[in-house]
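Asks: Here it is: the structure, laid out below.
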């Protein structure tokens with residue numbers, strides 16, 4: 001397996017079509033639905049299309065994207081973390097999500113901090129952003145912990161939902 005990043009406890013790698021079952025679980029987890037939004041991915045076929053049209057496409061176009069996060073000790077897939085290019089933002093942004101049973105162990109901080117360093121040192125991305133629902137206290141705390149600062153309210157195109165924009 002070709003890993004993008006390794007930390008003390010985690011490995012990050014590119015998603016493959018073989019990860020469709022994990023995508024179904026992650027995109028339908030309570031935290032994803034509440035804080036990121038319903039992507040209408042309920043089946044392996046829909047997850048395969050989501051992977052092809054979003055995640056795998058980002059690897060081709062940008063050379064990076066969301067990566068699968070797995071534990072080193074047992075290879076268990078636990079979440080995703082990576083760098084996303086959004087047309088609505090001036091800079092790439094960091095994104096992360098974990099299955100609920102893996103929250104509270106410091107995994108998000110561990111891989112987000114490593115991803116920020118990778119973006120700067122390996123990809124020469126001088127500035128990173130993030131968008132988050134103001135009510136997502138855990139993610140807001142994590143963004144601040146990895147060095148991002150609140151900039152302003154932000155709205156995605158065709159959305160009236162207020163997000164907060166953070167930047168390094």
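Asks: Enumerate the helices (runs of 4 or more DSSP H) found wholly within region 23-138, keeping only those where 1 or more residues are closer than 23 Å to residue 155 by Cα and in contact (Cβ under 8 Å) with a residue 40 or more places away in the chain.
Replies: Output list reads 30-35.
Asks: What do you reckon, is residue 142 farther than 21 Å from residue 11 by Cα and in contact with a helix residue (DSSP H, G or I) (Cβ under 7 Å, 6 or more places away or on another chain)?
Replies: Here the answer is no, as residue 142 does not meet what is asked.
Asks: Would it be correct to say that residue 103 is in contact with a helix residue (DSSP H, G or I) (Cβ under 7 Å, 6 or more places away or on another chain) and closer than 16 Å to residue 31 by Cα?
Replies: no
Asks: Does region 107-126 hold any residues that are closer than 18 Å to residue 32 by Cα and surrounded by fewer than 16 Cβ atoms within 10 Å (Cβ to Cβ), and which are they?
Replies: 109 - this is the single residue of region 107-126 that is closer than 18 Å to residue 32 by Cα and surrounded by fewer than 16 Cβ atoms within 10 Å (Cβ to Cβ).
Asks: Let me ask you something else. Name every residue in region 149-163 that is surrounded by 14 or more Cβ atoms within 10 Å (Cβ to Cβ), in contact (Cβ under 8 Å) with a residue 24 or more places away in the chain and over 13 Å from residue 89 (Cβ atoms), in order of residue number.
Replies: none
Asks: Further question: Assuming residue 50 fulfils every condition listed in (1) over 15 Å from the mean Cα position of the chain (by Cα); (2) farther than 17 Å from residue 107 by Cβ; (3) surrounded by 13 or more Cβ atoms within 10 Å (Cβ to Cβ) apart from one, which condition is it?
Replies: For residue 50, the failing item is (1).
Asks: Being at pLDDT 95 or above and surrounded by 14 or more Cβ atoms within 10 Å (Cβ to Cβ) narrows it down to one residue among 167, 135; which is it?
Replies: Testing whether each residue is at pLDDT 95 or above and surrounded by 14 or more Cβ atoms within 10 Å (Cβ to Cβ) leaves just 167.
The values are calculated or read from the model by the stated rules, or taken from the named source; none is laboratory data. Model, not experiment: these values are computed from the prediction. With ideal geometry, Cβ positions are generated from the backbone for all residues, glycine too; neighbour counts draw on all protein chains shown.
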